[in-house]
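Some notes on the structure that comes next.
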Amino acid sequence: MQIGLYRMKVSIITIGDEILIGQIVDTNSAWIAQRLNEIGLQVHKIYSIPDTEDAIIRTLERARKLTDIVLVTGGLGPTNDDITKKTLAKFFNDTLVRNEEVLQHIKALFQKFGVKRINKLNEQQADLPSKCSVLLNPVGTASGMWFEENKKHFISMPGVPHEMKNIMNTLVLPEFQSRFSNGVFLHKTILTQGVPESILADLLEEWETSLNTDVKLAYLPSENRVRLRLSAKGTDKDQLNELLDDEIQKLNKIIPEHIYGEEKDCIEQRVGDLLFKNKATVATAESCTGGYLAYLITSVPGSSAYFRGSVLAYDNKIKEDILHVHADSLKNYGAVSEQVVKEMALSVKRLMGVDYALSTSGIAGPTGGTAEKPVGTIWTAIAGPNGVKAVKYQFGTERLWNVRRGASAVLLDLLHELESIHKKLE
């Protein structure tokens, strides 16, 4: 859940020719937009512009007309092509003055690296517009600047991502919340997987139509999952919380098989937590997912407590020789079949001596499909204390997405099974 502000509109301006020619990707804008959304600020427009005075001034003018807050990144370095600071001084009819605190900070940073004397270019980084409030950069030499004019706010920050993030997290975002809060804006996000956005919308049509008028729903799809963001704004935090929780309870009754968590939960972490709590172990036997399933499980810190190992049986001979899949099963049903994934799961369970074993076999694509088994056909299986069960999935034609979807699908099935057992034990 996030609590924030509303009604304030924001523009984001990233400055740099390197962005426009595709030399670097503008990750700053995406990161800033995410952080602002978490506190309820609305991003109205994002601009990427060249390092020219004319472009900067024209964009600042446009942003000032449309929005209340303008966040700028880039162009604050010590070289002659970094003109943002001088252009901001011109835009606000201001002059640059030497800031002694910033100068001493710059000298101290260089001394840490064994540089006793700084050159004139570095000294000039301490020259800042007199009308701005200085945002000292603890991890760099380029300070941020905060201008306020006619109730409009302009914040300029370095383009180096870790420097910008530090200033945003420590100085800008806390100030936004304390200065601009005039209401409560709550977000709660439900995480779903295994169902496309269009089908999910169809499943939720009746619920969505009957949503409380104070609640807004947004579908946020990615390659193998859809986030459902519920938002509500008002003045009574407790009342809004209750309102959103009531809608989430309804969601859990409609699509329980597709929900795996809230906010920033991830399936592999939740699976790991339950395995650890229940002192259970897991192993994998993978074909089409090529080790990606094992990668997801082991991406969780501490996974060595419950993950035993994996057999990557991409070739049928490995399925036969290592996992002891019956030759008749491969001949009669094919590698992509219920029979084969069940045998794979049961075999790796015995081989590794684990409580749970997961297996995958499918046609990731882009070739290899048939009329009976088109590209995107993925079979998965889970062998556990209560036997083995297999599930067939039909995904799309994109190879990488099929790999990721297949691995995530069997993890979600394991999560639901572990949750069911955990509830019975409570």
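Stokes-Einstein diffusion coefficient for the chain at 4 °C in a medium of 1.567 mPa s, Rh from the Kirkwood formula over Cα pairs: what value in µm²/s? For the chosen part, D equals 51 µm²/s. Phi angles of the stretch 271-287 translate, via the Karplus equation with coefficients 6.51, -1.76, 1.60 and θ = phi - 60°, into HN-Hα couplings of 4, x, 4, 6, 4, 5, 4, 8, 6, 9, 10, 9, 9, 10, 10, 10, 10 Hz per residue; Gly and Pro are given as x.
If contacts are Cα pairs under 8 angstrom and at least 6 residues apart, what is the relative contact order of the chain in percent?
Reported as a whole number, the value is 11 percent.
Dipole of the chain computed with +1 at Lys/Arg Cβ and -1 at Asp/Glu Cβ about the Cα centre; of Met157, Ile248, Val134, farthest Cα towards the positive end is Val134. Placing dummy labels 7 Å off each Cα toward the beta-carbon, the span from His326 to Glu197 is 4.5 nm. Measuring against 18 Å, Cα to Cα, the residue pairs Lys45/Lys85; Lys277/Lys423; Lys342/Lys392; Lys9/Lys165; Lys131/Lys165; Lys392/Lys424 contain Lys45/Lys85; Lys9/Lys165; Lys131/Lys165; Lys392/Lys424 as the ones spanning a longer distance. Coupling constants for the stretch 103-113 follow from the phi torsions by the Karplus curve (6.51 cos²θ - 1.76 cosθ + 1.60, θ = phi - 60°), and in residue order they are 4, 5, 5, 5, 4, 5, 4, 5, 5, 4, 9 Hz; glycine and proline get x. Pairs of Cα atoms in the stretch 379-426 fall into 10 Å distance bins, from 0 up to the last occupied one, in shares of 24, 45, 23, 8, 0 percent.
The residue among Ala371, Leu414, Ile199 whose Cα reaches farthest toward the positive pole of the charge dipole of the chain, with charges on the beta-carbon of Lys, Arg, Asp and Glu, is Leu414.
Largest first and in whole Å, give the semi-axes of the stretch 267-425's equivalent ellipsoid, each being the square root of 5 times a Cα gyration tensor eigenvalue.
25, 17, 14
Each of the peptides 412-418, 96-102 was scored by the mean count of other Cβ atoms within 10 Å over its residues; in descending order, highest first, they stand as 412-418, 96-102.
Neighbour counting of Cβ atoms within 10 Å sorts the residues Asp17, Asp81, Asp68, fewest neighbours leading, into Asp81, Asp17, Asp68. Net charge dipole, the chain: roughly 740 debye, given to the nearest 20, about the Cα centre with Cβ charges of +1 for Lys and Arg and -1 for Asp and Glu.
Taking amide H atoms as placed 1.01 Å from N in the peptide plane, the amide H of Val97 lies under 5 Å from those of Leu128, Ser130, each 5 or more residues away in sequence or on another chain. Excluding Met157 itself, what net charge comes from residues whose Cβ is under 11 Å from its Cβ, given Lys and Arg +1 and Asp and Glu -1? Its environment carries a net charge of 0.
Taking other Cβ atoms within 10 Å as a rough exposure proxy, Arg179, Arg229, Arg270 sort from fewest to most as Arg179, Arg229, Arg270. Over all pairs of distinct alpha carbons, what does the Kirkwood formula give as the hydrodynamic radius of the stretch 184-262, in Å? After inverting the pairwise mean of 1/r, the radius is 12.8 Å. Rg over Rh for the stretch 2-180 works out to 0.95, both radii taken from alpha-carbon positions and Rh defined as the Kirkwood radius.
Here's how it looks for Ile39: its modeled amide H is under 5 Å from none belonging to a residue 5 or more places away or on a different chain.
Restriction of the GluC sites (Glu not before Pro) in the stretch 135-170 to DSSP coil positions whose beta-carbon has at most 14 other beta-carbons within 10 angstrom yields no sites. Farthest towards the positive end of the charge dipole of the stretch 272-426, among the residues Ala327, Ser287, Asn316, is the Cα of Ser287, using unit charges on the Cβ of Lys, Arg, Asp and Glu. In order along the stretch 61-77, the phi-based Karplus estimate (6.51 cos²θ - 1.76 cosθ + 1.60, θ = phi - 60°) of 3J(HN,Hα) comes to 4, 5, 5, 5, 6, 8, 9, 9, 10, 10, 9, 10, 10, x, x, 10, x Hz; Gly and Pro are listed as x. Cα centroids of the stretch 149-168 and the stretch 253-305: 38 Å apart.
If the chain linking Asn150 and Arg58 were pulled fully straight, counting 0.36 nm for each residue of separation and taking away their Cα-Cα distance, it would gain 31.3 nm.
Basic side chains Lys and Arg get +1 at the Cβ, acidic Asp and Glu get -1 at the Cβ, and with that the dipole of the stretch 267-425 about its Cα centre reaches some 280 debye. Computed over neighbours whose Cβ is under 12 Å from that of Thr95, the net charge equals +3, Lys and Arg +1, Asp and Glu -1. Highest mean first, the peptides 244-250, 70-76, 20-26, 47-53 sorted by other C-beta atoms within 10 Å per residue fall in the order 70-76, 47-53, 244-250, 20-26.
By the count of neighbouring beta-carbon atoms within 10 Å, fewest first, Tyr295, Tyr356 end up ordered Tyr295, Tyr356.
All of the numbers you see were taken from the coordinates with simple rules; none came from a lab. Treat the numbers as computed from the prediction; the structure is a model and nothing was measured. Reconstructed Cβ throughout: ideal geometry from the backbone, glycine too, with neighbour counts over all protein chains shown.
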